[in-house]
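Have a look at the structure below, then the notes.
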Amino acid sequence: MKEAQYRIRAHHGMCLAFFKGKGYSNEFSIHMGDMKEKLEKNPIVSIIGNTDIICKACPNNERGTCITAEKVAEYDRQVLLRCNLSEGDVMHYLDFAKLVNDNILLPEKREEICGDCCWNELCH
Ligand code: SF4
Ligand code: SF4
């Protein structure tokens, strides 16, 4: 497989599925919308458990580290576990999105992972 075009943190596979234009800031929402469009063209991505291309425009990203790093790292860990993935796995984005959908979203497990997120009410 070719080199990954984007690094995507695992739990963003859930956030992207529910994204409808709302986010931490206007700049962040525009960037997230752009990324969603790019990812839907099915590039090769590397699944990570750290700051990624989406975090890049987030006001909660302080010099490369999320201000809720511990909380979101656990979301990432749960997504990797439930999708039977390891950090650093490389695949087409839509294959990753399908794993998240089949293993977490369809069986309605999302809230078990990130029910304490401030966007919880929007992600249904
Ligand atoms: S509740 Fe938060 S972490 Fe969970 S999918 Fe929505 S935005 Fe992402
Ligand atoms: S910096 Fe934190 S809050 Fe912002 S997108 Fe990344 S994981 Fe989410």
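A short reminder: the numbers here are calculations on the coordinates, not readings from a lab. The model shown is predicted, which means the values in this text are computed figures rather than measured ones. All Cβ positions, glycine included, derive from the backbone under ideal geometry; neighbour counts span all protein chains shown.
Key figures for this structure:
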read-out: Distance histogram in 10 Å bins (all Cα pairs of segment 37-81, percent per bin); value: 25, 47, 28, 0
read-out: Residue pairs, from the table LYS22/LYS71; LYS41/LYS109; LYS38/LYS98; LYS38/LYS71; LYS41/LYS98; LYS20/LYS98, whose Cα atoms sit over 24 Å apart; value: LYS41/LYS109; LYS38/LYS71
read-out: Charge dipole (debye, nearest 20) of the chain; +1 at Cβ of Lys and Arg, -1 at Cβ of Asp and Glu; value: 260
read-out: Selected from SER29, GLY88, LEU16, residue furthest toward positive end of dipole (segment 6-116; charges at beta carbon); value: SER29
read-out: Residue exposure sequence - ILE53, ILE47, ILE67 - by fewest surrounding Cβ within 10 Å; value: ILE67, ILE53, ILE47
read-out: Neighbour-count order for TYR24, TYR93, fewest beta carbons within 10 angstrom listed first; value: TYR24, TYR93
read-out: 20 Å reach of a label modelled at LYS38, 7 Å along Cα-to-Cβ, counting backbone N of segment 73-116; value: 88-98
read-out: Size of charge dipole - segment 1-72 - debye, nearest 20, with Cβ of Lys, Arg +1 and Asp, Glu -1, no other charges; value: 100
read-out: Charge dipole magnitude, Cβ of K and R +1, D and E -1 - segment 68-112, Cα centre, debye nearest 20; value: 80
read-out: 10 Å binning of all Cα-Cα separations within segment 6-116, expressed as whole percents from 0 upward; value: 15, 50, 34, 1
read-out: Length-normalised contact order of the chain in % [C-alpha pairs under 8 Å, at least 6 apart]; value: 33
read-out: Whole-Hz ³J(HN,Hα) from phi, Karplus 6.51 cos²θ - 1.76 cosθ + 1.60, for segment 35-41, glycine and proline x; value: 5, 4, 4, 5, 5, 5, 7
read-out: Residues ILE54, ILE44, sorted so that the one with the fewest Cβ neighbours within 10 Å comes first; value: ILE44, ILE54
